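Readers should treat all values here as calculations from the given coordinates under stated rules, not as data from a laboratory. Note that the coordinates shown come from a computational prediction; the quantities given were computed from them, not determined experimentally. Positions of Cβ are generated from backbone atoms using ideal geometry, with glycine treated the same way; all protein chains shown enter the neighbour counts.
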Amino acid sequence: MAKEFKRGDIICESGQPFNSLHMILKGTVRAVYSDGEFFLDKGDFIGLCELYYDTYIFTYIASDDVSIAPIPYKIGGLITLFGRQPDFAPLITSSCYKQMKNVLEIYEFSKYDCTNLYHYLTDSYNEYVKLSERHLISPRSLPDLETIEPLSLEEDIPQWLTDYYENMTSVIPQMLSSLKVPYFDYLNGLLMKTSQDIAEILSVCRMMYDYRADIAGLLMNKNRLDLFDLYTTLFFRIGHNEEDSTAISAAVGRMMINLEGFGSIRRDLYEDRVREYKETLLFMEEHGSETPLENPEVAKNAAAVANSLNIILEYAGCDAQVTTDFRKYIAEYKKQIDKNAADDDSRRLRLNITKLYYTIYTAAFQASLHDHSIPTILKMFFLFGYVDEELAGEENASYLYSIAESFTSSPENHVYTAYDWLKAIYRGEKEPSRNEFDMDYTAFVHEKKVTGKITAAQEAQLVKDKDKRVLFELENMFPLVNKITFGRITTFCPVFSDHNVLKDLSKSLVTPDQIVDAINKIRSIDFGAYGRETIYSNPEGGVAKEFVNVEVLPDVVLFPNVGIRGVMWQEIEGKRRTTPARFMSSIFQMEDLLTTLTRLTGEFRWEMCKRIQGARWNDLSERSLTSDYFDYIQFYKKNIDLTSEAKDKIKSAMQKAKNSYKEMFVRDYVIWVTFEADGVPRLNKVARNVLFTYCPFTKDIRERLRTNPLYKDILDRYTIRTSQKLHHMDNLYQKLQKSRLEVPEPIAEQRKFLES
């Protein structure tokens, strides 16, 4: 019996169980995949691309009023169908090869588009650099541009396969007319193989879709670290009366045309950015683009920041050679128009500055330990990496000067500037961090004793030596993390420079309050994010042994740079599991702070689980977050709970994550906290189950999601598990009451945790 669909109705949806073919009796149907679409007409069959699978790959949508005839189907059921309806054999075969031709067109267009987009991105950025240099403006870097390479498909389809199917579309009619009955076995194999090849081609298309999405993110993104911002900022900076302004304006116009309707860029983001550009452009045309009157605050602070470099060098008191060389290198660096240049001389200059910078920072820090009135310029140096007013730019230098005295750490909230963190280590309030070889200070000193470099007495003395402890931090963790949090490794230079300021400093400054808000936001979603399971024992209080969850918030250290990354440096301090993790961030964070801290929390969850599980972190016989997730990724190809599109996405994501299970988990965790908590499904069924099992949402979110069928089963399982634990807790409470004993605070807290 025929089914009728109105224009825009979904006939079959991607991921939906595939149990029927559908013959189109009237109208046109649009077959939509993430990477493209094609159309099916009267006489075509819906579902031929999925013959080999148990779910639909495409979403099929009625383009106008459509009438279809459903035909029940099971994998391998074509022979039976042809035996029952011999006339369907040539129709289905012709339709299948027509669809294969369309899929190949999607593939070829995607490949062509990827190549064009890559060249458009790189050529446009190179042109931006030239235009900037022409106006003696230091070009800003484009974060992650260096990670984008020309399209290279490790598992591309062979050329002969494309040629084969292009020829088959013309060969099929002749072949069918010459075949004699019975030939249904042959056609069944031919069509099943074609369907399998379609899925392989679409898998490659999915990788190209992700590749284009990466490029789209560099063209325009919510953090404004994009090519569109580089061009529009340059245009407004030089003014619309300059000779090159027409070329820049034309480039912006072309970019808007290219980005309009780009599926990987949210429509509202595109419209907001374009509207903002046009409004600013209109304002410039109405009021002119002359240089605005000098900011009184900048003028007032200009005298205060004058001669900054000499003040810093004099305070540090380094030897004459270090002082002379650093002053010379900074002068050379200031003269460079493109401070991100990749030539050998530029790289060598940045390296020389970096080496001397840490020598000077260490000397200045040691001098400041005995100074009760540290000059503001030195505070700017310690907090922000500032060394020179010209290098920083007048407005930036003025802003840094205005906040240097008032910006403080918040140890009670676990937030420290890098300078205050170093002082906390010097005072013995914090232990030195592990070095790049994952060795802490105590182990480092002990190894020296084991290798005979020092005696046992010297070991005991060094462990307590305040100067040596902080020097270990300054020489090991500090330089490496400063570079990582900056984010652009190949162009890193630790001194504050105007060209690294990718957006307004006041909007990118990370304050303790912002850290607290972001951490609390994560806790309001994943209530066990910073918890560790420990054993509580109090025989005198009536508790023999109970597992309780202890929340320990991470220490967050703000490094003196303008950066785009965060790093989870270590999950615990020493060997005790109830010590704070260490999250590191730039003090001027160009990326979204909440996203950065969510990512670090995901890393913490993974590393903490690995530490607890030890060598058995991926052993499924001992269930844990890491073992379950490892099993999910390792065997995803054989998982019957995953659709073919979900498998393609995992395959593509693993390539982007460089086959790192940890990186895959962290990406899923960010999606979990950012989207799934709001009821926006982005994860597949298996990943969602793992995340809900080990990173459950808070009670209010669980209740809100209870109406969503995607979460029903996992919510029911979670409720059963929690009820069992609460029942055990009720029994313990009754036992204590009968013994007339008070409920110990850790037990009461554990009950609250279970009820969260």
### Summary
If the chain between Ser537 and Leu620 were fully extended at 0.36 nm per residue, the gain over the current Cα-Cα distance would be 27.0 nm
### Intensity falloff of segment 108-164 expressed as log10 I(q)/I(0), Debye formula with alpha-carbon point scatterers, at q = 0.17, 0.19, 0.28 Å⁻¹
-0.69, -0.78, -1.15
### Query
How big is the Rg/Rh ratio for segment 642-756, C-alpha atoms only, Rh by Kirkwood, two decimals?
1.12
### Query
Taking the inverse of the average 1/r across all pairs of different Cα atoms in segment 499-555, what Kirkwood radius in Å do you get?
14.7 Å
### Task
Return the whole-Å distance between the Cα centroid of segment 732-756 and the Cα centroid of segment 67-124.
62 Å
### Query
Across all directions of projection, what mean area in square nanometres is found for the Cα convex hull of segment 220-287?
4.4 nm²
### Query
So, by mean Cβ neighbours within 10 angstrom, what's the order for 562-572, 725-735 with the highest one leading?
562-572, 725-735
#### Entry: Flagged links, alpha-carbon separation over 24 Å, of Lys42/Lys649; Lys278/Lys503; Lys379/Lys430; Lys42/Lys651
Lys42/Lys649; Lys42/Lys651
### Query
What's the long-distance tail for segment 170-285, i.e. % of Cα pairs beyond 21 Å?
57 percent
### Task
Give me the number: length gained by fully extending Lys453 to Lys42, i.e. 0.36 nm times residue separation minus the C-alpha to C-alpha distance, one decimal in nm.
139.5 nm
#### Entry: Cα-only Debye scattering, segment 365-514: base-10 log of I(q)/I(0) at q = 0.16, 0.18 Å⁻¹
-0.99, -1.17
### Message
Checking the table Lys656/Lys685; Lys610/Lys685; Lys468/Lys610 against a 28 Å threshold on Cα-Cα, which pairs fail?
### Response
Lys468/Lys610
### Query
Ranked by Cβ crowding within 10 angstrom, fewest neighbours first, how are Met100, Met168, Met584 ordered?
Met168, Met100, Met584
### Computed Rg/Rh of segment 295-407, alpha carbon atoms with Kirkwood Rh
0.98
### Message
At 222 nm, what value in deg cm²/dmol follows for the chain if DSSP H runs of at least 4 each add -39500 (n - 2.57) and the sum is divided by all its residues, to the nearest 500?
### Response
-18000 deg cm²/dmol
### Task
Would you please give the FRET efficiency between Thr722 and Glu200, computed as 1/(1 + (r/R0)^6) with r the Cβ-Cβ distance and R0 = 41 Å, to the nearest 0.05?
0.40
### Message
Stokes-Einstein diffusion coefficient for segment 516-637 at 25 °C in a medium of 0.890 mPa s, Rh from the Kirkwood formula over Cα pairs: what value in µm²/s?
### Response
152 µm²/s
